[in-house]
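S.K.: A single structure is presented below for examination.
Each reported figure results from applying straightforward, stated rules to the coordinates on display, with no laboratory input. Note that the structure is a prediction, hence the values are computed from the model and not measured. A quick note on method: Cβ atoms are made from the backbone with ideal geometry, for glycine too, and the neighbour counts reach across all protein chains shown.
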Amino acid sequence: MALSQPTHQSSSRPQSSHGFAVAEAVQRGELVLSLSTMLGCDYIFVSHKGAHELLESQRLATTIRELLDILETSPHQSMVVSADENTNGNLAFTRYDYKWENRQVSQVIATRVTHS
């Protein structure tokens, strides 16, 4: 008799009940994701050309939650950065700071990264 294997679910986050608009945008080629681990932090990079609705302020908390779920990273040890390529080919970087409270993303602050 075959035994079924239990499915593994993260203890820090319940299985998500929302859709995966981020995954769909990646499949359509609108967003490119990359993950880099450095000094104990997971840096999630989101590359896109021009403004994208998933990175608008009213959608950011859900987008970040989807990124954490898709990439299976710890919400306490992850940093999200977007790279927006404009029509001239120049990149504009934005860092998204957030709080993880009650197993939810909250208080997202978008900060444009500039150099002097």
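S.K.: So A51 clears everything in (1) aliphatic (A, V, I, L, M); (2) more than 13 Å from the chain's Cα centre (by Cα); (3) more than 16 Å from E30 (Cα to Cα) except one condition, right? Which one?
M.R.: If we test A51 against (1) aliphatic (A, V, I, L, M); (2) more than 13 Å from the chain's Cα centre (by Cα); (3) more than 16 Å from E30 (Cα to Cα), just (3) comes out false.
S.K.: Considering each of R65, R103 in turn, give the residue that is more than 13 Å from V46 (Cα to Cα), touching a residue at least 12 places away in the same chain (Cβ under 8 Å), exposed (fewer than 15 other Cβ atoms within 10 Å of the Cβ) and basic (K, R). Spell out how you get there, then give the answer.
M.R.: Numbers: R65 fails: exposed (fewer than 15 other Cβ atoms within 10 Å of the Cβ).
Answer to the selection: R103.
S.K.: How many of the residues in the stretch 90-116 are of a type in the set (G, A, S) and more than 16 Å from A51 (Cβ to Cβ)?
M.R.: Of all residues in the stretch 90-116, those of a type in the set (G, A, S) come to 92, 106, 110, 116.
So of that shortlist, the ones also more than 16 Å from A51 (Cβ to Cβ) come out as 106, 116.
Residues meeting the conditions: 2.
S.K.: Could you check how many residues of the stretch 57-116 are among the basic types (K, R) and more than 19 Å from A23 (Cβ to Cβ)? Let's see the steps before the verdict.
M.R.: Going through the stretch 57-116, the residues among the basic types (K, R) turn out to be 59, 65, 95, 99, 103, 112.
When the remaining residues are screened for being more than 19 Å from A23 (Cβ to Cβ), the result is 95, 99, 103, 112.
So the answer is 4.
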